[in-house]
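The values are calculated or read from the model by the stated rules, or taken from the named source; none is laboratory data. Just so you know, these numbers come straight off a predicted model, no measurement behind them. Cβ placement follows ideal geometry from the backbone for every residue including glycine, while neighbour counts extend to all protein chains displayed. For the accessible areas, the whole protein counts, side chains as well, though only heavy atoms, and no ligand, DNA or RNA atoms are used. Shrake-Rupley method; radii C 1.70, N 1.55, O 1.52, S 1.80 Å.
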Amino acid sequence: MSKGRELKDRIAERGLVQVMAGHSPLSARLAAEAGFDGIWASGFELSALHGLPDVSLVTMTQHLETMRSMAEASGLPVVADIDTGFGNAVNVIHAIEQYERAGAAAVVIEDKSFPKVTSLVAGGRQDLVRVEEFQGKIEAACATRKDPDFLVIARCEALIAGLGEQEALDRSAAYEEAGADMILIHSKQNTPDEVESYVRAWQGKAPIVVVPTAYPEFTVERMKALGKIAVAIWGNHAIRAAVTAMQKVFRQILDDGGIQGADRAIVGVEEIFRLQGMDRVKDYEKRFLR
């Protein structure tokens, strides 16, 4: 079974699936162990991991290889955040070939101009491409995929750009017409009101994907009540959790003049060995080393 089919089956079974962001194979493995339905191969998180702003500086090769390793480490369906598709419709064709071959379950392509600026930054440039141009990207993606279960998700940034609900609905309908399997709608408001209003007004057949980073009170229960949302992506919590933990431990070590306090508050090295699969290595050595 392909990972796209697996993701579709999970949605059919559960109605709403939860996908956790990741930026490394280790973060993906931890998300799988926690019980999430899938991994969000986040461009934002990978940019942050490299100490770079999320403005199309991470290359397709960097993102693709990280996505591939996260899929292998977790065993979960991976939804690949490929930003604007790394260029025009021709670039999208190449990206789809590579990401499908690497084992992604889905890709998300957004309707911003290249290079993009991350959505939630205050005062950031949020220029969108023409509807017709983005339709061409979606059509190219759908025509390129070999597996019909490989999902092409169109990310509409009209609310992020301040263009209003009607523009978001019109664009979303055009993207569905071009073949998008799902529509991801994003907002930077600090309440779910804008997204909830959009979802209620949406008349298309394509299920909705949400990323409630800016409005954390948008719970799974509230999403399910709307009846049209198929995927909830927790979009940057892995990197934020990692930064929070490292900042706390690093400060404590300096304040304490040693690791005696911090060492008691973090996982033991044995847990890292487990996550690395050291038991398998020891087994292999016993069986095969002569």
Express in nm, to one decimal, how much length is gained between F114 and A12 on full extension, taking 0.36 nm for each residue of separation and deducting their alpha carbon distance. 33.3 nm
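Assuming R0 = 35 Å, can you tell me the calculated FRET efficiency for the pair K205 and M1, based on Cβ-Cβ distance, to the nearest 0.05? Write out the running numbers ahead of the final one.
Details: r = 24 Å, r/R0 = 0.69.
Here the calculated transfer efficiency is 0.90.
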Considering the values (1) 51, 44, 32; (2) 60, 48, 37; (3) 47, 44, 41, which represents Cα extents along the principal axes in Å as calculated for the structure under consideration? (2)
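Please report the orientation-averaged projected area of the range 1-150, defined via the convex hull of its C-alpha atoms, in nm². Walk me through the intermediate numbers first.
Numbers: hull surface 35.8 nm².
Reported value for the Cα convex hull: 8.9 nm².
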In order through the range 32-44: 3J(HN,Hα) via Karplus (6.51 cos²θ - 1.76 cosθ + 1.60), integer Hz, x for Gly, Pro: 5, 5, 6, x, 6, 7, x, 10, 9, 7, 7, x, 4
To check my understanding: the extent here is largest minus smallest coordinate of the Cα atoms along each principal axis. What are those three numbers for the range 70-176, in Å, largest first? 38, 28, 22
Of the options Q135, Y99, N190, report the single residue whose Cα projects farthest towards the positive end of the charge dipole of the chain (beta-carbon charges: Lys, Arg +1; Asp, Glu -1). Y99
Between L163 and R240, what is 0.36 nm times their sequence separation minus the Cα-Cα distance? Round to one decimal in nm. 24.8 nm
Relative contact order of the chain (C-alpha contacts under 8 Å, at least 6 apart) in percent is 17 percent
Sort 231-240, 104-113 by the packing proxy (mean of other Cβ within 10 Å over each peptide's residues), most packed first. 104-113, 231-240
Net charge contributed by nearby residues that have their C-beta within less than 13 Å of H23 (K/R +1, D/E -1): -2
Around L64: net Lys/Arg minus Asp/Glu count, Cβ-Cβ under 12 Å: -2
What's the ranking of 44-51, 271-278 by average number of surrounding C-beta atoms within 10 Å, highest first? 44-51, 271-278
Accessible area of the chain with a 1.4 Å probe: how many percent of it is carbon plus sulfur? 54 percent
For the chain, with the dipole built from +1 on Lys and Arg beta-carbon atoms and -1 on Asp and Glu ones, taken about the Cα centre, which of V243, A174, V152 lies farthest toward the positive end? V243
For R222 and L52, calculate 0.36 nm times their separation in residues minus their Cα-Cα distance, and state this gained length in nm to one decimal. 57.8 nm
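At 1.4 Å probe radius, can you tell me the per residue accessible area of the chain in Å²?
Details: 13940 Å² over 290 residues.
Heavy-atom accessible area per residue stands at 48 Å².
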Around L184, which amide H atoms from residues at least 5 apart in sequence, or from another chain, sit under 5 Å from its own amide H, with H modelled in the peptide plane? A154, R155, C156, V209
Spherically averaged projected area in nm², based on the convex hull that wraps the Cα atoms of the range 168-262: 8.1 nm²
Given a Förster radius of 51 Å and the C-beta distance between R125 and V269 as r, what FRET efficiency does 1/(1 + (r/R0)^6) yield to the nearest 0.05? 0.70
